[in-house]
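Enquirer: Dropping a structure here in structure tokens format, bear with me for questions.
Coordinate-derived values only; no laboratory data. Only a predicted model underlies this, so the values are computations on that prediction, with no experimental measurement involved. All Cβ positions, glycine included, derive from the backbone under ideal geometry; neighbour counts span all protein chains shown.
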Amino acid sequence: MSDLNIFYADDDDDDLMLFNDAVDSITNNSNDSIQLHIHKNGENLLQSIKENKHNNGVVFLDLNMPRKSGFQFLEEIRNEPSINQFPVIIYSTSSNKSDIDMSISLGANFYAVKPYNFHDLTRMIQDVIEIDWKNIKIDTNNFLLIK
């Protein structure tokens, strides 16, 4: 893996801190270089993606945010020609089939249910880092990163 930009939008301070700690753990234990861009409530998310779109990157979107939902951000990303191919992972506590189906229909690349422990979170992020985003084909039968 080369340098990677991770854009993470979430309104929960604990989730933001845990995700940040997991990314720090990965970078401290490997040669991977990850730049984490945290966007509380998604503020300035689209602008940040546009500014870094030429770099290797992926977006993690929480579904339930107070100003705009993850679905709304996903729609905005997919409707913006300059970034509509940017990889997006819906990252939620919900494992509701309707949320997963909506994520597929709106063009998310994957859906991840937030892990309950640090090890599983770190493993999930590591799995995302290893994806070859330029050559991956989305398979709705393997849409969930964590079941």
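Enquirer: So which of N52, N109 is under 22 Å from F143 (Cβ atoms) and either in contact with a Cys (Cβ under 6 Å, 6 or more places away or on another chain) or not basic (K, R) (or both)?
Expert: Only one candidate passes the filter, namely N109.
Enquirer: Name the single residue that is surrounded by the most Cβ atoms within 10 Å (Cβ to Cβ) among those in segment 18-42 being more than 15 Å from the chain's Cα centre (by Cα) and more than 11 Å from I129 (Cβ to Cβ).
Expert: S25
Enquirer: Output the residue which, of all residues in segment 13-45 that are of a type outside the set (S, T, N, Q) and out of contact with any helix residue (DSSP H, G or I) (no Cβ under 9 Å at 6 or more places or on another chain), is farthest from I90 (Cα to Cα).
Expert: D24
Enquirer: Which pairs turn up if I take residues in segment 5-28 that are more than 26 Å from H54 (Cα to Cα) and look for partners that are small (G, A, S) and crowded, with 16+ Cβ neighbours inside 10 Å with beta carbon separation below 9 Å, at least 6 apart in sequence or on another chain?
Expert: Listed pairs, sorted by first residue: D11/G42.
Enquirer: Would you be able to say whether some residue in segment 38-47 is of a type in the set (V, I, T) and over 25 Å from Y116 (Cβ atoms)?
Expert: no
Enquirer: Counting only residues that are out of contact with any Asp or Glu (no Cβ under 6 Å at 6 or more places or on another chain) and within 21 Å of D12 (Cα to Cα), give me the strands (runs of 3 or more DSSP E) lying completely in segment 31-147 with at least 3 of them.
Expert: Filter on segment 31-147 gives 34-40, 57-61, 88-92, 110-113.
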